[in-house]
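The structure appears right after this line, and notes come after that.
The values are calculated or read from the model by the stated rules, or taken from the named source; none is laboratory data. Here the structure is a predicted model, which is why all the values come from computation and not from measurement. Here the Cβ positions follow ideal geometry from the backbone for every residue, glycine too, while neighbour counts run over all protein chains shown. Accessible surface areas use protein heavy atoms only, side chains included; no ligands, DNA or RNA. Shrake-Rupley method; radii C 1.70, N 1.55, O 1.52, S 1.80 Å.
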Amino acid sequence: MTDSSIRRTTLLAAMALMCIITVAQPPARRKGNDNTTQPERTTRVSAYRDFPTAQAMPENAAWRRDIYRTIDLGKDANAVLYYPTVPQGEQMNLFTFLFRQMLRGQIKAYDYKLDGNEDFSESNIVKAKDLMDRYQIFYESKDGRIRVNDADLPSDQVKVYFIKESEYYDQYTATFHKKVTAICPVLKRGDDFGGADSQYPMFWIKYDDVAPLLGKLMLMGSNLNNAAMMSADDYFTLGLYEGDIYKTTNLQDRILVNEVEADAEATRKEQQRIERQIVDFQDHMWGRDSVAMAKAAADAARADSIAAAEGGNTKSRSTSRRGSTTVSSKSNTKKSSSTKRSSTPKSKSSTRSSGNGLSVRRQRH
């Protein structure tokens, strides 16, 4: 065998060995060793991601108080939920966001009953088309799909929200919590004759269903710093809203207006009483009523005593000013009498002066 044939045989054996090694490699390694130019492949990430939300309220909480509040978007603390009324890029108000999610089937809306109580049963689910027909919202329907322009949504007319919140005590962690459990947007519309605006509660939404989505709705958190943003879920979880109590869960299922006979002052006092009941329960739970309240009572008593002393000092100053002439005349009389006593010749008896300006004479025996 010549040298050329040996080299040719060796070359063929090497090529065969390379083919065997390439075939024996796993697919992932063969793909990595491939030097041919291919377009870069990007990892696809799901567009929807669950955001972490607050801890769920235990069903068997040891203590719970359910409260319904009216959130007026005209207040500065609540205006963050109202603007912008027309979406500007990715920024939109709460109603536009909720309605969009409802049209996409991400959340369920439940019909608002006449008694005002929320009913999250399957039989009470209301469709978006029925809501738009009921409240005269313009939409387009094509091939079974509904399309609504943002300008046709009555976002500027939703100026009030009803929310239900629960103050509860978690016996497993020995902590108090406040949690929003339901949200209801309320339309405010006037009639054709220029009358006062009427309220139309639209639907209830279970907060736990929409909480992961609200984590993606960014709201402007400050009028002074427009770069300060926060999520809608943080806004409700932190309790940054301001609302008046209009109803509590009670045995008679009555609202405050019915309980106080539509008296504004009586309604305000009843709202304050309910707020105070919740605070008092927490104070009694941790025993702060015997320490903090005693300190508060002592501070109040001290303030009253200081005020009384200042009032007494004012009276004494006026009295001293009025009787200054009399006091000075009496002092002059005492001085003159003491001068006369000192000018008299001393006798064998000793004289000792007392503290009130009088002299006491003792006879020697």
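Out of (1) open to solvent by 60 Å² or more (accessible area, probe 1.4 Å); (2) in contact (Cβ under 8 Å) with a residue 12 or more places away in the chain, the odd one out for Ala182 is which?
So Ala182 meets the others, but not (1).
What number of residues within region 227-244 are open to solvent by 40 Å² or more (accessible area, probe 1.4 Å) and assigned to a helix (DSSP H, G or I)?
2
Name the single residue that is farthest from Met218 (Cα to Cα) among those in region 83-113 being among the polar types (S, T, N, Q) and outside any helix (DSSP H, G or I).
The extreme case among them is Gln106.
Check Asp191 against each of (1) over 30 Å from Asp280 (Cα atoms); (2) in a strand (DSSP E or B) and name the one condition it does not meet.
Every listed condition holds for Asp191 apart from (2).
Return a yes/no flag: does region 189-198 have any residue that is open to solvent by 10 Å² or more (accessible area, probe 1.4 Å) and either touching a residue at least 40 places away in the same chain (Cβ under 8 Å) or closer than 22 Å to Leu103 by Cα (or both).
There is no residue in region 189-198 that is open to solvent by 10 Å² or more (accessible area, probe 1.4 Å) and either touching a residue at least 40 places away in the same chain (Cβ under 8 Å) or closer than 22 Å to Leu103 by Cα (or both).
Name the single residue that is nearest to Gln157 (Cα to Cα) among those in region 83-97 being within 20 Å of the chain's Cα centre (by Cα) and crowded, with 21+ Cβ neighbours inside 10 Å.
The qualifying residue nearest to Gln157 (Cα to Cα) is Phe95.
Only residues that are within 12 Å of Leu103 (Cβ to Cβ), in a strand (DSSP E or B) and open to solvent by less than 70 Å² (accessible area, probe 1.4 Å): list them for region 138-179, please.
Ile146
Take the residues in region 70-82 that are assigned to a loop (DSSP other than H, G, I, E, B) and of a type in the set (D, E, K, R); name whichever of them is surrounded by the most Cβ atoms within 10 Å (Cβ to Cβ).
Here the answer is Lys75.
Residues are listed down the side, and each one gets a yes or a no for (1) of a type in the set (Gly, Ala, Ser); (2) open to solvent by 90 Å² or more (accessible area, probe 1.4 Å); (3) at pLDDT below 85:
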{"site": "Arg276", "(1), (2), (3)": "no, yes, no"}
{"site": "Val291", "(1), (2), (3)": "no, yes, yes"}
{"site": "Lys295", "(1), (2), (3)": "no, yes, yes"}
{"site": "Ala300", "(1), (2), (3)": "yes, no, yes"}
{"site": "Asn313", "(1), (2), (3)": "no, no, yes"}
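How many residues, within region 199-215, are part of a strand (DSSP E or B) and either of a type outside the set (S, T, N, Q) or crowded, with 17+ Cβ neighbours inside 10 Å (or both)?
6
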